[in-house]
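Only the coordinates and a few stated rules stand behind these numbers; no lab work does. The structure presented is a predicted model; accordingly, all values stated were derived computationally and were not measured. All Cβ positions, even for glycine, are placed from backbone atoms using ideal geometry, and neighbour counts span all protein chains on display.
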Amino acid sequence: MIYTKRKHLHRYLGQSAALDTAIRYLDTADLTALTKGRNEVDGDQVFINRFDYQTMPQEQAIWEGHVQYADMHVLLSGHEKIGVTNVEALTETVFKPDEDFKGFDGPVEVWFPMTTEDILIVYPEDIHMVKVLDGDSALVQKACFKIKV
């Protein structure tokens, strides 16, 4: 897992070719021009899911995990908090391999406050709970980079 400020993300170049592609794209692209849904960057190696949502109480949010991809969360507007727990501390409840989605039950180990200045990259062992209120309710516009691992 990587949690950093957007201005420091370049320090993580060199860890993998797909992560490098995502970081360089973030540095040069106008993310506000993305269309909602899937946006291509480098085929199945790196792509971006662009979506909007209203934050919600933790009790309404769900856990998600992935097998094939790391997620790089980039907020275009709004604020939220994202909970993260290691996969070994949770109980798997559902697996949808065609969607690269796993659902889980269990407690949140760590909360990460997210604004447009923050970057959170979660790997397959980092199960995450997004869309959670951080103070007041907010409309979040997000670009979630999917990075093949």
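Table for the structure above
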{"read-out": "Rounded D (µm²/s) - the stretch 2-148, Kirkwood Rh over Cα pairs, Stokes-Einstein at 10 °C, 1.306 mPa s", "value": "103"}
{"read-out": "Tail beyond 20 Å, pair distance distribution of the stretch 47-110 (Cα, percent)", "value": "34"}
{"read-out": "nm² value of the averaged projected area, convex hull over the Cα atoms of the stretch 1-88", "value": "6.9"}
{"read-out": "Whole-Hz ³J(HN,Hα) from phi, Karplus 6.51 cos²θ - 1.76 cosθ + 1.60, for the stretch 35-43, glycine and proline x", "value": "8, 5, x, 7, 10, 6, 10, 8, x"}
{"read-out": "Using θ = phi - 60° and Karplus 6.51 cos²θ - 1.76 cosθ + 1.60, couplings along the stretch 4-13 (whole Hz; Gly, Pro as x)", "value": "8, 7, 3, 5, 9, 4, 4, 5, 9, 4"}
{"read-out": "Contour minus Cα-Cα distance for Val87 and Thr4 (0.36 nm per residue)", "value": "27.7 nm"}
{"read-out": "Net charge of neighbours whose Cβ lies under 14 Å from the Cβ of Arg6, counting Lys and Arg as +1 and Asp and Glu as -1", "value": "+2"}
{"read-out": "Pairs of Lys in the chain closer than 13 Å at Cα, counting only those 8 or more apart or on different chains", "value": "4"}
